[in-house]
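Below you'll find the structure, written out as structure tokens, and then a few comments.
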Amino acid sequence: MADKCHICLLGLIIICSLLTGTSGAEVTRVFSSSGENVRLPCNNALSDCTSTSWIYSRQSVTVELITGGKKKNNIERHERLSLGSDCSLNIEKVTKEDNGFYICRQYVNGEQQGADALVNLHVINVSLSISVSSSSSQTEIRPGSSVTLFCQLYYDRVSCDTLVRTEGVQLIWVNQAGVNLQTDSRYQISFSSGQCISTLTTTLLNEDHNREWRCLVTQRNELKTSVTYTVKYPSKHGEDDSLVFYRSGENVRLPCNNALSDCTSTTWIYSRRSETVELITLGIKKNDIERHERLSLDSDCSLNIKKATKEDYGFYICRQDVNGEQQGTDARVHLNVLQVSSSSSQTEIRPGSSVTLFCQLYYDGVSCDTLVRTEGVQLIWVNQAGVNLRTDSRYQISFSSGQCISTLTTTLLNEDHNREWRCLVTQRNELKTSVAYTVNYLGSNGAEDTHTFCSSGENVRLPCNNALSDCASTTWIYSRQSESVELTAGGEKKNNIERHERLSLGSDCSLNIKKVAEEDNGSYSCRQYVNGEQQGADARVYLHFLHVSLSSSQTEIRPGSSVTLSCQLYYDGVSCDYLVRTEGVQLIWVNRAGVNLQTDSRYQISPPGQCISTLTTTLLNKDHNREWRCLVTQRKVKTSVKYIVKYSAPVNLTRSSSNSEKKSSQTTAAAPTIQDPAGTKPETVSMTAGSLFRVIVIIVEIAVYAAPTVILLQIICARRAGET
């Protein structure tokens, strides 16, 4: 009787598979936000993409997009499609209409090769609704109005319930700091269409101008994509006063918010204190002013300033004139420039010395008090990890000129070499720009020793910090253990060395190495010769190589097995103790979200803070395609190497005899042959106990469609069971 019930169950599986169109192939889910560029992988690609066809299917629509590696040009969106070198399908500026089911299929001599590679593209989009009271005709985004944002995930060939319950998909609203808005009583968040549409409703406040809300799509708590909505209030009386913040040395764009269609009507005027200068007149740049070579007019009539200096701060006016008469009101822009300077010269930057950094915001046309109290502007000192230094007793931070100048004072330590401190300017807690100051200690011989970190396959640039104006004087020497090799001489590459084809000399005399390997680690010296005599001291660069490997005892990567990953930093010319204690080098294991795994009891990590670190864990079902990454940091991330878990494919079982069939029935269901609706060749589907459970879940999901067949099979099974 048990055998007959198994036969009934298999019949049910076959019919349900035919009804759902599943072929046993794994479906790749890709999530994208509207307007993004997306890549759909082709996991069955052959070496030559001329065998590749891409087919799009959604509801009753089926369209061939790519045939024999060539794009079909008779389809509506062909100009947004392209085929990648790995046969992936690239879609530019995705729209919600692009969501659906994509099939990558291979043909050779008119016959299909292998099974289809299936990709389901889900697109997220945010739209806005404004609530209008019966007593008001106001339809603009303004303080006091109620707005509702709709975040919708578009999908096909799968139910929302499957995405949410089985695939662990969620829609989450956060602010620009990444804080979940579900916990904030100011926002009303609700769901519909099985949680694949989420709405956020709130009443706008004055401070919401330029505020950003973001809708995230996560799958099993991993971020897949997101879409942002930024509040923009209209200006009063058609006049737009803009506050623009830039750091010294940046290229600046000043918007002209009253521009007409033709910039020949545009005039830009600069004003600061008692100075007023016309920079642009009727679309033509004035060439008799000191900085004219750094100015240009953009196609939207904005004013561009190259490499802004503190002297560029001030008040800018964009004015429109037609036939000698001004059109509309001026568009005004306040340019505020941020600059950091040090109280010490380079020769005084040494361990034990005291250094004071000055961060100053240059402004005009408004007072510092207005910037700070009314506009919510702040100057903040942080380290390279973004941690506010105000809370660290090592640093003394003070303010002057109404908080528009901030000083940071500290005593330098050995480990401060290459340390970075950054001064941020924020407006209502939104970052506007920042300036970094990096500590660089000079080597004892007057040249700076550089530590460079890389991982396998990267391209590396080794700087030559003693280069002369002409690289014909430059020689690069490689040293490791007892080996010393001249790589370049007199600016020319040596071609008699093994790796010469991967080496090149940059225009600044740096040494470039393509596709770095473990054997490239070591000490490199950049030396200058003029007329046969060395000029100055060597510039030394230590190249350190990071590598991750799996324990050699691992044979199969499967749930339940224990794996050990080894992350090793290869070095030469210095000791590991020197790298760790003096240079502040660390190896850190993180997940793909960047969370340190040291704090997770699931992982055994040893030893911390050395040049070899191992990670040991027992694999779970959900670890398939999980990524662990080993970072090397030197007071900030230098490079990293990732390891992605890939489970071995299940072994196919076939029915060869009655004995083997009885044996296999204890552990696995027989593997039926299934033909998918798209016309692929039959393939054998492995059915383990776990996958049998998943099939049952699928059966329950589509029971409403297969109900008549299910009832009929149940009656047959019951009658046969009764006969026995």
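The values are calculated or read from the model by the stated rules, or taken from the named source; none is laboratory data. Computed from a predicted model, the values in this text were never measured in an experiment. Every residue, glycine as well, gets a Cβ built from its backbone with ideal geometry; the counts of neighbours run over all protein chains shown. Remember, those area values only see protein heavy atoms, side chains included, never the ligands or the DNA or RNA. Shrake-Rupley method; radii C 1.70, N 1.55, O 1.52, S 1.80 Å.
In table form, for the structure just shown:
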read-out	value
In region 429-463, the residues that are polar (S, T, N, Q), in a loop (DSSP other than H, G, I, E, B) and modelled with pLDDT of 90 or more	Asn459
Test: residue in region 452-459 that is without any contact (Cβ under 8 Å) to a residue 60 or more places away in the chain and crowded, with 19+ Cβ neighbours inside 10 Å	no
Every residue from region 32-56 that is in contact with a Cys (Cβ under 9 Å, 6 or more places away or on another chain) and closer than 15 Å to Arg77 by Cα	Trp54, Ile55
Checking Ile289 against (1) within 24 Å of Ser367 (Cα to Cα); (2) at pLDDT below 90, the condition it does not meet	(1)
Filtered residue count, region 355-382, keeping only those that are open to solvent by 30 Å² or more (accessible area, probe 1.4 Å), at pLDDT below 90 and either of a type in the set (Gly, Ala, Ser) or assigned to a strand (DSSP E or B) (or both)	2
From Leu128, Leu118, residue being part of a strand (DSSP E or B) and modelled with pLDDT of 90 or more	Leu118
Residue under evaluation Gln188, criteria (1) open to solvent by less than 70 Å² (accessible area, probe 1.4 Å); (2) modelled with pLDDT of 90 or more; (3) polar (S, T, N, Q), criterion not met	(1)
Within region 362-371, tally of residues that are touching a strand residue (DSSP E or B) at 6+ places or on another chain (Cβ under 7 Å) and more than 19 Å from Arg422 (Cα to Cα)	5
Failed criterion for Asp392 (all others in (1) at pLDDT 90 or above; (2) open to solvent by less than 60 Å² (accessible area, probe 1.4 Å) hold)	(2)
Matching residues in region 526-578 - criterion: being without any contact (Cβ under 8 Å) to a residue 40 or more places away in the chain and part of a strand (DSSP E or B)	Glu533, Gln534, Ser549
Counted residues, region 579-595 - those being surrounded by fewer than 13 Cβ atoms within 10 Å (Cβ to Cβ) and closer than 27 Å to Glu415 by Cα	2
Residues of region 598-638 that turn out to be of a type in the set (A, V, I, L, M) and surrounded by 19 or more Cβ atoms within 10 Å (Cβ to Cβ), as a count	4
The lone exception for Ser271 - which of (1) without any contact (Cβ under 8 Å) to a residue 40 or more places away in the chain; (2) closer than 14 Å to Cys318 by Cβ it fails	(1)
Qualifying position, being touching a helix residue (DSSP H, G or I) at 6+ places or on another chain (Cβ under 6 Å) and either closer than 27 Å to Lys224 by Cα or modelled with pLDDT under 90 (or both), among Val585, Val563, Val574	Val585
Test for Leu389: is it within 29 Å of Val637 (Cβ to Cβ), without any contact (Cβ under 8 Å) to a residue 40 or more places away in the chain and of a type outside the set (Lys, Arg)	yes
Flag for Arg211 being touching a residue at least 12 places away in the same chain (Cβ under 8 Å), open to solvent by less than 80 Å² (accessible area, probe 1.4 Å) and among the basic types (Lys, Arg)	yes
Region 230-271: number of residues that are at pLDDT 90 or above and open to solvent by 50 Å² or more (accessible area, probe 1.4 Å)	4
Filter result (assigned to a loop (DSSP other than H, G, I, E, B) and open to solvent by less than 20 Å² (accessible area, probe 1.4 Å)) within region 272-302	Cys301, Ser302
Any hit, region 16-24, residues being open to solvent by less than 50 Å² (accessible area, probe 1.4 Å) and among the aliphatic types (A, V, I, L, M)	no
Filter result (closer than 22 Å to Leu361 by Cβ, open to solvent by 40 Å² or more (accessible area, probe 1.4 Å) and in contact with a helix residue (DSSP H, G or I) (Cβ under 7 Å, 6 or more places away or on another chain)) within region 303-331	Lys306, Lys307
Qualifying residues in region 303-338 (those that are of a type in the set (Lys, Arg) and outside any strand (DSSP E or B)) - the one farthest from Ile280 (Cα to Cα)	Lys310
Close pairs (8 angstrom Cβ cut-off, 6 or more residues apart or separate chains): closer than 22 Å to Glu311 by Cβ and of a type in the set (A, V, I, L, M, F, W, C) in region 279-301, open to solvent by 50 Å² or more (accessible area, probe 1.4 Å) and in a loop (DSSP other than H, G, I, E, B) anywhere	Leu279/Lys286; Ile280/Lys286; Leu295/Lys306
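This table checks each residue for (1) surrounded by 12 or more Cβ atoms within 10 Å (Cβ to Cβ); (2) not hydroxyl-bearing (Ser, Thr, Tyr).
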| position | (1), (2) |
| --- | --- |
| Asp538 | yes, yes |
| Ser549 | yes, no |
| Gly560 | no, yes |
| Val563 | yes, yes |
